[in-house]
Amino acid sequence: MTATRMARAAGTLIVAVTWVVAAVLLWRTHVPDDLRLPKLDARAIFGAETLRRAGRYDSFVRADWLAEQAALLLLLVALALRGARIAARLRGGALVRGAQLAVLAWALAWLVRLPFGLAQEWWDRRYRISRQSYGAWLVARLPSPVGLAVVVVAVVGAMLLARRLGPRWWLAAAPVLAAGGLVVALVQPLLGPTLHPLRNPTLRAQTRAAGLKAGVDRVAKETRAANAEAIGIGPTRRIVFDDTLLAAFGPRALRFVGAHEVAHHTRRHIWKGVAWFALFALPCAFVLGRATERAGGLARPEAVPALLLAAFCLQLASIPVGGTIARRYEAEADWTAIESTHDPTGARQLFAGFARVNLEDPTPPWWSRVLLDDHPSLLQRVELATAEAGSRAGSGSPRASTTSRTRPASRRGAPS
């Protein structure tokens, strides 16, 4: 027994050390470690009226989202407490009843989220962000058969592992989760909207020079919000530009957007995101295993609500953790883009435009920056552009580093 315990302890130590080393390597960025951001006046950059309007708009968005998450949490807690009673009333074998519980939770969650989504749509229409009718909004919000299928397959698959492997089913689930993250990153571009040809010559030249595909997503009939994103890995790598972005911003700002999105690919941010997901797959699977054991084990259908509740709690916990990681990569993409374009003015034009067009709050409250945001705030991004200009003027070229001193950030509206 002593030898067995020592072997397990040694194995655990090796896994822990490997995890920490991998996390340290993934945490590294290209932003200089001696960088100091200047303190700029938000009113001078964005204007007092834009700050007031964007702050008011974003405050409601944050409150609505927090209320939605609280309602979902209460729903899943109630289902977990009544899981045994509900399972006893269902018919079929254990797997069939587990699948039915998953469908019930999924349908109830859709209903709970509906009024909060409607409130968000009303607010967007009030501020002229949304351009679609309430009917079109409702059609877009209808339950997705694909989403339901994913939930059912995940629950039934986990139950099968529990029936075969017992309480340690989570050890087998962790690599499955990691592989799932890889598959999602690979196929996401193939499941998105049909892209239209990119006509902008500057953006087309930037993406082609990097060996990337690019296209335009026509969203102007639905929203005025502007965005761009880098998606995919390997053969599915591409950059998507919203037509609203191309219409709302000038050549210098668009050139910066192109460089920013290219940087996400050249700095392998999406691959690093997959790696982070794989790193967290094991501890998350462990939490899921412990939660279902307390409910009698996942081989029993009444443990399914406990599984869904634990998964939701992990999702909530992942928001500040993932946001902290994402903010570093977004700052690195900004820094790389400014280095390649040598045009901090173009960056500042873009960030000021996001406050005006998307009503993104340039100075969100500290708790939002820490807990919710996955981008540096617009003010911090302007400060980064200013710091890069000063660094280039003072020393010629900034030096790469493993750390970043950029401060936390806003998650809405900025290119990702």
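A few notes on this one:
- Fraction of the pair-distance distribution of the chain above 36 Å, Cα-Cα pairs, percent: 32
- Note on segment 24-182: with charges restricted to the Cβ of Lys and Arg (+1) and Asp and Glu (-1), its dipole about the Cα centre is near 500 debye.
- Between residue 266 and residue 84, the FRET efficiency from the beta-carbon distance, with R0 = 56 Å, is close to 0.60.
- Top of 102, 16, 210 by mean-square fluctuation, Gaussian network on the chain, Cα under 10 Å: 16
- Cβ-Cβ FRET estimate between residue 103 and residue 168, R0 fixed at 35 Å, reported to 0.05: 0.80
- Computed over protein heavy atoms with a 1.4 Å probe, the accessible surface of segment 83-151 works out to 60 Å² per residue.
- Per-residue HN-Hα couplings for segment 367-372 [Karplus 6.51, -1.76, 1.60; θ = phi - 60°; Hz; x = Gly/Pro]: 5, 5, 4, 7, 9, 10
- Taking the C-alpha atoms only, the angle from helix 304-341 to the longest principal axis of the chain is near 20 degrees.
- Net dipole in debye of the chain [+1 Lys, Arg Cβ; -1 Asp, Glu Cβ; about Cα centre; nearest 20]: 700
- Nearest 10 degrees, 0 to 90: helix 344-357 Cα axis against the chain principal axis: 60
- Extension gain for residue 356-residue 204 works out to 52.1 nm (0.36 nm per residue, less the C-alpha to C-alpha distance).
- Relative contact order (percent, whole number), segment 291-389, Cα cutoff 8 Å, 6+ residue spacing: 32
- Subtracting the Cα-Cα distance of residue 74 and residue 13 from 0.36 nm times their residue separation leaves 18.2 nm of extension gain.
- In the context of the full set of protein chains, segment 291-345 has a per residue accessible area of 34 Å² (1.4 Å probe).
- Computed over the chain: relative contact order in percent, which uses C-alpha pairs under 8 Å that are six or more apart: 27
- Accessible area of the chain belonging to carbon and sulfur atoms, whole % at 1.4 Å probe: 63
- Principal-axis analysis of the Cα atoms of the chain puts helix 94-126 at an angle of about 30° to the longest axis.
- Residue 179 paired with residue 118, simple spin-label distance in nm, labels 7 Å along Cα-to-beta-carbon: 4.3
- Across segment 235-246, rounded Karplus estimates of 3J(HN,Hα) from the backbone phi angles (6.51 cos²θ - 1.76 cosθ + 1.60, θ = phi - 60°) give x, 9, 4, 6, 10, 10, 10, 6, 5, 5, 5, 5 Hz, Gly and Pro being marked x.
- Our estimate of slack between residue 321 and residue 39, defined as 0.36 nm per intervening residue step minus the Cα-Cα distance, is 98.9 nm.
The values are calculated or read from the model by the stated rules, or taken from the named source; none is laboratory data. Worth saying up front: this structure is predicted, and the values here are computed from it rather than measured. Here the Cβ is made from the backbone with ideal geometry for all residues, glycine too, and neighbour counts use every protein chain on show. Just the protein is used for accessible areas: all its heavy atoms, side chains included, with ligands, DNA and RNA removed. Shrake-Rupley method; radii C 1.70, N 1.55, O 1.52, S 1.80 Å.
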